[in-house]
1. What is the spin-label model distance, in nm, from Ser160 to Gln81 if the labels are put 7 Å beyond Cα along the C-beta direction?
2. Loop only per DSSP, at most 13 neighbouring Cβ atoms within 10 Å: give me the trypsin sites (Lys or Arg not before Pro) in the range 93-174, ordered by residue number.
3. Efficiency by 1/(1 + (r/R0)^6): what FRET value for Asn88 and Ala46, r their Cβ-Cβ distance, R0 = 22 Å, to the nearest 0.05?
4. Cut-off is 10 Å between beta-carbons; in what order do Val86, Val39, Val56 appear when sorted fewest neighbours first?
5. Extending each Cα 7 Å along its Cβ direction at Ser36 and Lys121, get the distance between those two points in nm, one decimal.
6. Can you grab the distance from the C-alpha centre of the range 129-154 to the C-alpha centre of the range 68-98, Å, no decimals?
7. Using a 7 Å offset from the Cα along the Cα-to-Cβ direction at both Asn22 and Ala98, what is the distance between the two label points in nm, to one decimal?
8. Where a Cα-Cα gap under 21 Å defines reach, which lysines qualify for Lys32, not counting those fewer than 8 residues away within the same chain?
Amino acid sequence: MRFIATALIVVASLGLGGCGYNTIQTQDESVKAAWSEVVNQYQRRADLIPNLVNTVKGYAAQEERVLVGVTEARARATSIQVTPEVLNDPAALRRFQAAQGELTAALKSLIAVSENYPQLKSDQNFRDLQAQLEGTENRIAVARNRYIESVQQFNGTVRSFPTNLTAMLFKFPVKANFTVENEAAIAQPPAVDFNTSPPGGVAAPAPSAAPAPVVPAPAPAT
């Protein structure tokens, strides 16, 4: 009996290996590892933001709109749960991506503020934080690309015959992936409208009001 049980285990192992079960498992772990790195880099960026905001506030406290915008965007981005279940939920991943995209745009506005404050630009702490932020953005891009590639490989496996039969049997659905919607828009530097003049500078003139449209007079009654 023991020999028969051992033989069945060997046959089952060979069958699972031949039908792609082991490949699916390996690729599934690769996707989870790649996702963990994405989350790690986004968290690293979130950890930099409080110090960056406080540094900017020390020189440009009047830019309250930008400072509050970054703080609120960070709160929204860090409030989204990024459990492994997100990888199988396209809507949840879109919410995560949208929140991170909003934070990216808010950070661009914050960095743009420094252009109007020479003392802030020359502050060593600000320069160090900006360099760390730029490095983190690069790491985020690399981590996202690795995750995208891992998901593409996994999805290709679970959709291909005959491994798709194994995926259906063991409930391995295709995984959600990042989209490139609005990526081009997010990559563009934001237009920052300063309502106050920077220290030592001159406030930009307010735009002149558009002329009122000319309404033709009614024709005289006959």
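No value in this document is a laboratory result; all are computed from the given coordinates. In this text the structure is predicted, and so the values were computed from the model without any measurement. Because the Cβ atoms are built from the backbone with ideal geometry, glycine has one as well, and the counts that use them run over all protein chains shown.
1. Taking the two extended label points, one gets 3.5 nm.
2. Lys171
3. On the way: r = 24 Å, r/R0 = 1.09.
The calculated FRET efficiency here is 0.35.
4. Values: Val86 19, Val39 15, Val56 23.
Least crowded to most crowded, the residues run Val39, Val86, Val56.
5. Rounded to a tenth, the inter-label distance reads 4.2 nm.
6. If we compute the Cα centre of each part, the gap is 16 Å.
7. It is 4.3 nm.
8. Reachable lysines: Lys171, Lys175.
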